[in-house]
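K.L.:
Below is a structure I'd like to ask you about.
The values are calculated or read from the model by the stated rules, or taken from the named source; none is laboratory data. If you're wondering where the values come from, they're calculated on a predicted model, not measured in any experiment. All Cβ positions, even for glycine, are placed from backbone atoms using ideal geometry, and neighbour counts span all protein chains on display.
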């Protein structure tokens, strides 16, 4: 009899234990019922026009309801040095495929596509934060950081593919000029490129990649953009009008390649001619900082 009673009590205790475990599991599951969430908190894309997909999920016991959830979006520069931008990033540096996510009846997920916009500015990485908010059905909530894999926000890091440059600190100053005939039918012909030529950072350029070349060699200050990856230069005007004449016509330098290298040296390659259309051959001009 005593043995039977012991077995009976043991069975009761086991039953209580199983019931307790099951109740804990049900409580955990019910706390995540009717939740809209993201499975990750970060994702990374390059600043080369690439895209990535961010999937938004919902969990519910009744998928027959349709649902809409707004997206709260902000973007900031992940500034780490004075060479990079800081503060809010312009929306034009990325695009989003939608401003809200929608779940039709019997649908459990929706997808957001974020696409980077390529530029030539050395602005640093950008952090685009996307937060789920304002579910259209009051019984739904958004995920929280306390539940792993059930998050309310994700940050897309757009990695800058341009290299930082300090024009005012490293490149501004006076440069010596040298010229070399490199191709065509006028070997030995010199146009008397003389220096020095000055380079100054363009204070009106917030991106910090535009400089002004100024000397009597050019008619006016000549804007030039430092495309920092790869290390090439772009001129606002091409061909460049020069401060002297050739065969009685305004000299013109038609640039088809311009680069800069460490050591403060700028190399420009182009055809020397005049505004009347004469072409005297290809000349390489090298600017070296004094």
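K.L.:
Give the residues of region 30-57 that are at pLDDT below 95, closer than 23 Å to residue 92 by Cβ and either surrounded by 18 or more Cβ atoms within 10 Å (Cβ to Cβ) or not assigned by TED's automatic domain parsing to the domain that holds residue 75 (or both), sorted by residue number.
P.N.:
45, 47
Conditions tested, residue by residue: (1) on the phi > 0 side of the Ramachandran plot; (2) in contact (Cβ under 8 Å) with a residue 40 or more places away in the chain; (3) exposed (fewer than 15 other Cβ atoms within 10 Å of the Cβ).
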| site | (1), (2), (3) |
| --- | --- |
| 243 | no, no, yes |
| 254 | no, no, yes |
| 262 | no, no, yes |
| 271 | no, yes, no |
| 279 | no, yes, yes |
